[in-house]
1. Which of the aspartates and glutamates could a cross-linker span from residue 49 if the Cα-Cα distance has to be under 19 Å and same-chain partners fewer than 8 positions apart are dropped?
2. Roughly speaking, what is the stretch gain from residue 227 to residue 67, that is 0.36 nm per residue apart minus the C-alpha to C-alpha distance, in nm to one decimal?
3. Taking the Cα centre of the chain as origin and charging only Cβ (+1 Lys, Arg; -1 Asp, Glu), how large is the dipole, in debye to the nearest 20?
4. How far, in degrees from 0 to 90, does helix 149-159 lean away from the longest principal axis of the Cα atoms of the chain, to the nearest 10?
5. Antiparallel DSSP bridges in the chain: what percent, to the nearest 5?
6. Compute the FRET efficiency between residue 183 and residue 52 as 1/(1 + (r/R0)^6), taking r as their Cβ-Cβ distance and R0 = 22 Å, and round to the nearest 0.05.
7. Can you pull the one-decimal nm distance between simple spin-label points at residue 166 and residue 81, each 7 Å off the Cα toward Cβ?
8. Which loop trypsin sites (Lys or Arg not before Pro) in region 15-112, with loop taken from DSSP, have no more than 13 other Cβ atoms within 10 angstrom of their Cβ?
Amino acid sequence: MRHDDRFERGPGTSPRSASRLGRRGLMLILSSPSGAGKTTLTRMLLQTKELDLTLSISVTTRPRRSSEVDGIHYSFITHKQFDALRDGGDLLEWAEVHGNFYGTPREPVEKILAQSRDVLFDIDYQGTLQVKQKAAEDSVTIFILPPSMRELRARLERRAEDPPEAIARRLDNARNEIRRWTAYDYVLVNDDLQATFDDLLAILTAERRRVGRVQEGTARFVEKLLAEP
């Protein structure tokens, strides 16, 4: 069955909510070039339990590596299963990388948003644009920039994971990704990890209180408020 492009808006009360108004959940999307700190910031957000963020788990057709757990790192599916999800409109975003397919199923995300809870995405600009096209009102997009290309190179070299030619490719890819910054709602320069994390918290706090997300609950609250003697 093909879903509509807009998510269905379901009822729900936010767990541990700081507001009495209730709200619609949101999709918090982080993107950055490799080495800019996105993975670390994602981990910090998930480890902050009071935020109650759920990480979106992508499906992929590539083989599972020995260090990976199905359903934790990815959900590993067949090409036939992937084609069925894609052709049925059941993926929020998808891409082909080196002959393997990756995508974000819509249904698990919809269920979480309907519970007034938020989903965290760690995806690139191509996936971000697809999500914004399908669910702009539910998404908050943030691009993380490195303080300089020199620092980005130094971070990649400190990882000691890639040979020089691979680092050069990553830097070339980074320049292409950085040019996409205007597609995002927010842009942060990660020159200080804790300061950048604090900025992320501020953005999340503000977006959770945006009128469009608390409108239904606020309308009920205001009606009750005005009915008081």
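1. The qualifying aspartates and glutamates are 118, 122, 198, 199, 207.
2. Taking residue 227 through residue 67 to full extension adds about 51.7 nm, to one decimal.
3. Once rounded to the nearest 20, the dipole reads 180 debye.
4. Once rounded, one gets 80 degrees.
5. 30
6. 0.20
7. The modelled label-to-label distance comes out at 2.8 nm.
8. Values: sites: 16, 20, 23, 24, 38, 43, 49, 64, 65, 80, 86, 106, 111; in loops: 16, 20, 23, 24, 64, 65.
Hits after loop and neighbour filter: 16, 20, 64, 65.
Throughout, read-outs are computed from the coordinates displayed, never taken from laboratory work. Just so it is clear, the model here is predicted, and its values are computed rather than measured. Don't worry about glycine lacking a Cβ; one is built from the backbone with ideal geometry, like all the others, and counts go over all protein chains shown.
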